[in-house]
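Since the structure comes first, as structure tokens, the remarks are kept for the end.
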Protein chains: 2
Amino acid sequence: LDRVSAILAGDVRAAARLMREADDRVPEAFLVLSALHPHTGRARIVGITGNPGAGKSTLVDRLVSFHRRAGKRVGVVAVDPSSPFTGGAILGDRIRMQRHATDDGVFIRSLATRGHLGGLSRSCVDVTRVLDAMGFEEILVETVGVGQDEIEVTRAAHTTVVVTAPGLGDEIQAIKAGILEAADVFCVNKADKDGADAAVRDLEMMLALANEPVFGGAHSAHHAPGALDVAKAVDSVDASTWRPPIQKTVASKDQGTAELVAAIDAHGRWLAESGEGERRARRRAREEILARLRESLVSRAIGEHGAEIDRSVDAILARATDPYRAADALVATVLAGAGTLP
Amino acid sequence: LDRVSAILAGDVRAAARLMREADDRVPEAFLVLSALHPHTGRARIVGITGNPGAGKSTLVDRLVSFHRRAGKRVGVVAVDPSSPFTGGAILGDRIRMQRHATDDGVFIRSLATRGHLGGLSRSCVDVTRVLDAMGFEEILVETVGVGQDEIEVTRAAHTTVVVTAPGLGDEIQAIKAGILEAADVFCVNKADKDGADAAVRDLEMMLALANEPVFGGAHSAHHAPGALDVAKAVDSVDASTWRPPIQKTVASKDQGTAELVAAIDAHGRWLAESGEGERRARRRAREEILARLRESLVSRAIGEHGAEIDRSVDAILARATDPYRAADALVATVLAGAGTLP
């Protein structure tokens, strides 16, 4: 396809169009993505997540400059904490990134939550794949919040950096626990502020706690129990000898940037040497297949059995049936109907 | 079934067991839930969400006491910001609720994120359904964060109260925008602190902005664009004449509790009179069916085609295929294989 070669040749407008179409689930977009796939696998994808107020955008800005000085091309995927209802982005502080906007070696793409569960992480995978195919060697995926959506997004990364800062408050501390196990590298930003050493100690304590058996495993166990726990079968071996390092930075003054990159590099080497990198790649592939499968099956059900779904809703409201029986009946219909397709 | 009558008779241990089994997706649990369904529909479900640090737990505690004084039985579903990886709850401050623990008229259930997307909101629906069948008239669903997961959870509620407090910081303000449209009632808690009036003004301004056309609709448009936007078809009429009231409270001193309940009551009347209540019920039923359909179809795919999924993962890692083609092939296999089932 023309579009494929245009993107491989670095055509930014063709790439942006593809990302938009993939986001909108245009079928042709997936043909293009499919054709791009053999050209991917060279980029390093680093997730940057953590509390609001930790200074992630500034840090990402510094990382971009660092990699540019090293001659690398850099892609940035900024995941916005937009409304899941309107689909629009709220934050405007990407303005700080604007100084890279005229640099051909930097590609910045914002992604907004689209309201359908899991949609964000899939869009993120598509976008990083396009950037990878275009030859961007370093891809930074920045999220704004610390919710499950954000954690899903960071699962697409090779290495996840969790950023915090002194003085963000105790309550936020509690939520941070939720992303503790997602962290491959910790970064205490704004390290020139009071409380930086305390923040480092807090993290060290949380890491020590997390390695207690009561927590059910180390940070590398990137999965949870549950009926649909697709990761469990793939990743039952706990190969964790990696202790997430804690790196202090002052992004506003570009302090600690090189050390943070060195920590990310070290994690990359560990991924390669320990075999964990391949395990994670398998898990990512499996999760992506299942996510696409889920979406396809339900799209077909809605498309082909919309009338029955409507009737089920009526019957539930009339209390003639309940959601459990109605869903079972629909599953039977979808599967039975499928047998008559060409 | 014995279990059904035990639960209808108020057997707390039978109810807790059912909730656990539903969470674990034990098939028999769904038979019980199905049998309970005709006995539901009497409870009022109120979602309490908002920023960490806003004092939601204290507020919920006050609401419980208020309803108890009115002679009502109260269920509380506390959605914990637990790790999606370990599945364990982190926060221990439910302790404040302990004074209701010996009250037979109060049932408190904690729900943790289970790692699979959408699982939390489905578990929440199941739990509220059990509480409803048991005759709990007021059900409060408290979430801790403000992420998409939490918003999904509040979609199960008849009325959603978004709680904030003075001095939670500008960055958090930005994220709050994400739940603006989820709010039926706003509550500015800790209203005896400096900045309470400013917080009220901020909310009023955000509400005014949200009603500008540029935001794509009013707060009642509980949906977003996207290929899998199941809500769109159901809810294309914007019936919003409801302007979310902003109620000040000081939960620590039990101030404003009655007024907050009055605001929730008023919203309930509006739901009934405007027809919006029925539209939301339709949307909830539809979303629940589709969520269960999605889960069933993928569970079957994993169960019956696990070997092919494994082979696809191998092929993707070997770059012999890509996730897009692999998923398409799996969809074909699942649907074709289904035709041969009894």
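The values are calculated or read from the model by the stated rules, or taken from the named source; none is laboratory data. Note that the structure is a prediction, hence the values are computed from the model and not measured. Glycine gets a Cβ as well: all are built from the backbone with ideal geometry, and neighbour counts include every protein chain shown. Calculation scope for accessible area: heavy atoms of the full protein, side chains included, ligands and nucleic acids excluded. Shrake-Rupley method; radii C 1.70, N 1.55, O 1.52, S 1.80 Å.
Worth a mention:
- Helices (runs of 4 or more DSSP H) lying entirely in the range B:1-70 (those with 2 or more residues that are at pLDDT 95 or above and in contact with a Cys (Cβ under 8 Å, 6 or more places away or on another chain)): none
- B:Ala101 being out of contact with any helix residue (DSSP H, G or I) (no Cβ under 8 Å at 6 or more places or on another chain), at pLDDT 55 or above and open to solvent by 20 Å² or more (accessible area, probe 1.4 Å): yes
Yes/no per residue for (1) touching a Phe, Trp or Tyr at 6+ places or on another chain (Cβ under 7 Å); (2) more than 20 Å from A:Ile151 (Cα to Cα):
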residue	(1), (2)
A:Val4	no, yes
A:Ala9	no, yes
A:Ala16	no, yes
A:Val46	no, no
A:Gly50	no, no
A:Arg73	yes, yes
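- Residue check, B:Asp254 open to solvent by 40 Å² or more (accessible area, probe 1.4 Å), on the phi > 0 side of the Ramachandran plot and touching a helix residue (DSSP H, G or I) at 6+ places or on another chain (Cβ under 9 Å): yes
- For B:Val331, the criteria (1) of a type outside the set (Gly, Ala, Ser); (2) open to solvent by 20 Å² or more (accessible area, probe 1.4 Å); (3) in a helix (DSSP H, G or I); (4) farther than 19 Å from B:Ser121 by Cα hold in every case but one, which is (2).
- Taken together, the residues in the range B:142-179 that are open to solvent by 10 Å² or more (accessible area, probe 1.4 Å) and either at pLDDT 70 or above or part of a strand (DSSP E or B) (or both) amount to 6.
- A single member of B:Asp61, B:Asp23 is farther than 22 Å from B:Thr102 by Cβ, open to solvent by less than 30 Å² (accessible area, probe 1.4 Å) and either touching a residue at least 60 places away in the same chain (Cβ under 8 Å) or of a type in the set (A, V, I, L, M, F, W, C) (or both), and it is B:Asp23.
- Residue in the range A:213-231 that is at pLDDT 70 or above and more than 7 Å from chain B (Cβ to nearest Cβ) present: no
- When A:Leu317, A:Leu293 are checked against the criterion of being closer than 19 Å to B:Gly303 by Cα and of a type outside the set (Lys, Arg), A:Leu293 stands alone in meeting it.
- Residue check for B:Ala89: at pLDDT below 90 and more than 21 Å from B:Ser252 (Cα to Cα): yes
- Number of the condition not met by B:Glu308 [criteria: (1) surrounded by fewer than 21 Cβ atoms within 10 Å (Cβ to Cβ); (2) within 7 Å of chain A (Cβ to nearest Cβ)]: (2)
- Evaluation of B:Pro84 against (1) open to solvent by 20 Å² or more (accessible area, probe 1.4 Å); (2) modelled with pLDDT under 75; (3) under 30 Å from A:Glu287 (Cβ atoms) (one fails), failing number: (1)
- Members of the range A:259-287 found to be hydrophobic (A, V, I, L, M, F, W, C) and open to solvent by 40 Å² or more (accessible area, probe 1.4 Å), listed by number: A:Ala262, A:Ala272
- The single condition among (1) closer than 27 Å to A:Val130 by Cβ; (2) facing chain A (nearest Cβ under 8 Å) that B:Val334 does not meet is (1).
- All conditions in (1) open to solvent by 10 Å² or more (accessible area, probe 1.4 Å); (2) more than 14 Å from chain B (Cβ to nearest Cβ) hold for A:Ile48, with the sole exception of (1).
- Failed item, numbered, when A:Ala307 is tested on (1) more than 30 Å from B:Ala326 (Cβ to Cβ); (2) modelled with pLDDT under 90: (2)
- Residue match in the range B:288-304 (condition: more than 9 Å from chain A (Cβ to nearest Cβ) and surrounded by 16 or more Cβ atoms within 10 Å (Cβ to Cβ)): no
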